[in-house]
Amino acid sequence: MNEKTDTPLIEFSDVTKRFGILTVLDQFSFSVAKGEKVTLIGPSGSGKSTVLRILMTLEPFQEGRLTLDGMSYHEPGVGGRFQASEKHLRQIRNHVGMVFQSFNLFPHMTVLRNIVEAPIRVLGMARAEAEARAIELLQMVGLADKKDHYPVQLSGGQQQRVAIARAMAMRPRVLLFDEPTSALDPQLVGEVLSVIRDLAHEHDLTMLLVTHEMRFAREVSDRVCFFDKGRICEQGAPEAILGAPKNERTREFLSSILS
Amino acid sequence: MDWSAYLPMILQGAGVTMTITLASIVIGAALAFFFGILRVEGGPVLSKIALCYTEVFRGTSLLVQLFWFYYALPLVGLSFEPITTGILVLAAHAGGYGAEIVRGALSSVSTQQLEAARALNFNRFQTLFRISLPQAIVEMMPAFGNLAIETLKLSSLVSLISIADLTFTAQSIRNLTLDSASIYSVTLLCYFAMSLVLMVAIRMIEHVVRRGDVFPRSAHS
């Protein structure tokens, strides 16, 4: 990683996020380079999902600065105090996609429509082009034969693969995975991980992944960050963090998850 | 009693009742969606206006509303045909209840769906019309079905502002024949038959919005 020459694509500086009196992120600083694959691990409530949700503009934050490719999540010129306008946030959102723990496919739309709806309505893509691209993506996730099915007719693993295709259809530069396999039966986890693994080979795609699948994290990520109490306690190459953690809390967490 | 003489009258009265009911349901549904959506998406001012509308029409007597529009409104220079008055008042009444149904169903769409829409960068209108409403409509159908049948039954009140609907016709026939038992029995059967037709129609609409059996049935509908 040549962080000196590459300005980071994503940069959190001293971001504080509170829910009422609960501080979820505490002066949080974190940056991600373009194309980097970063896995966030840590106990629940440590703030890792909140990082993704803030990046997706699903949550505002109270203090600090956040930029994506130089675009501030606060209104330019307002001194970083105020949440940016919806219009400004929509520009940022165009570059970010998210895959949710509970898939969140639209139940009233077929698989194909789930994928083409946003490219057509939001990006203004021609229907034929959007559909051709959707079929390609469905082939990538191995579900081209399910294009006319409704979500309820698919297994959880299949739904999540459609959700990944749907997120990719918007051509995001940053793709966020919020515990993508946590809601799945164990035998369905593998098919979703293998789709994510394929995406990890895409050089330009920046990926942030919150997961409890440690072996998978080791395999796909360039960097693993261990979260505790709204901060990153320890981060580094996956072999270092998962193989030989220095921090006491990291060790405790890893042994609790592996046992 | 000689039914052949009265049957055409009864059918004509039933026709008037059905016309008033259907027109009220259609206009009422439009009002329900308009004000129900305003309640949820209208912002501070418009949602209050929508709230006033629903509370006024839900909180006052339908019969008095009919009298007010029929007798009081002409005093300030606005007068409609009785049938127009009947339809408008019934529609406004159904719209008041319907707006609450629309509001409730829209609020029941899960935040996860709204977050997915946001992550795909749909704007507010697209999220409302392409994500929330199509799912909410499924939730609304059973309550709308009840409201449609309620509107049919409440339509008998328009007989009191001199509209020759089924109830009005039944009363006229009773005054001529003095055979209350027969005429009111037939009238009840007519209302029941019409409500059956309404129920079947609603089931068909529900089938369409559910896309057959594909759409998941929620536990409370």
*How big is the Kirkwood radius of the stretch A:15-57, worked out from every pair of different alpha carbons and given in Å to one decimal?*
11.5 Å
*Set of aspartates and glutamates with alpha-carbon distance to B:Lys153 below 18 Å, sequence-local pairs under 8 removed*: B:Asp165
_Mean-position separation - Cα centroids, the stretch A:202-259 and the stretch B:51-101, in angstrom_ = 65 Å
_chain B: angle of helix B:82-107 to the longest principal axis, Cα-based, in degrees nearest 10_ = 30 degrees
*Summarise the long-distance tail of P(r) for the protein assembly as shown by giving the % of C-alpha pairs beyond 42 Å.*
36 percent
*Tell me, what is the percent relative contact order of the stretch B:18-163, built from C-alpha pairs under 8 Å that lie six or more residues apart?*
36 percent
*Among B:Phe125, B:Gly59, A:Phe30, whose Cα lies farthest out toward the positive end of the dipole of the protein assembly as shown, if unit charges sit on the beta carbon of Lys, Arg (+1) and Asp, Glu (-1)?*
A:Phe30
*For the pair A:Ala126 and A:Gln187, what calculated FRET efficiency results from E = 1/(1 + (r/R0)^6), where r is the Cβ-Cβ distance and R0 = 56 Å, to the nearest 0.05?*
0.90
*asked:* Less than 16 Å from a label point 7 Å out along the Cα-to-Cβ axis of A:Ile257: which backbone N atoms in the stretch A:206-221 qualify, by residue?
replied: A:208-221
*So what's the projected area for the stretch B:18-163, the Cα convex hull averaged over all directions, in nm²?*
9.4 nm²
*Please report, in debye to the nearest 20, how large the charge dipole of the stretch A:105-171 is about its Cα centre when each Lys and Arg carries +1 at its beta carbon and each Asp and Glu carries -1 there.*
140 debye
*Total lysine pairs under 26 Å (Cα atoms) in chain A, excluding pairs fewer than 8 apart on one chain*: 17
*Which log10 I(q)/I(0) values, to two decimals, does chain A give at q = 0.10, 0.13, 0.14 Å⁻¹ under the Debye formula with one point per Cα?*
-0.51, -0.86, -1.00
*Please list B:129-140, B:50-61 highest first by mean number of surrounding beta-carbon atoms within 10 Å per residue.*
B:129-140, B:50-61
*What relative contact order, as a whole-number percentage, does chain A give when Cα pairs under 8 Å and 6 or more residues apart are counted?*
25 percent
*Provide a whole-number value for the mean count of partner chain Cβ atoms within 10 Å of the Cβ atoms in peptide A:56-68.*
1
*Whole-percent pair-distance distribution, where bins are 10 Å wide, for the alpha carbons of the stretch A:105-171*: 25, 60, 15, 0
_If I model a spin label at A:Glu136 and B:Tyr184 as a point 7 Å from the Cα along the Cα→Cβ vector, what separation in nanometres do I get?_
7.4 nm
*May I ask you to derive the relative contact order of the stretch A:82-210, considering only C-alpha pairs under 8 Å and at least 6 residues apart, and to give it as an integer percent?*
34 percent
_FRET efficiency, 1/(1 + (r/R0)^6) with R0 60 Å, evaluated for B:Thr111 and B:Met9 via beta carbons_ = 0.60
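Since every read-out is calculated from the coordinates, none of them should be taken as a lab result. Just so we're clear, the structure is a prediction, and the values are computed from it rather than from any experiment. Please note: Cβ atoms are built from the backbone with ideal geometry, for glycine as well, and neighbour counts cover all protein chains shown.
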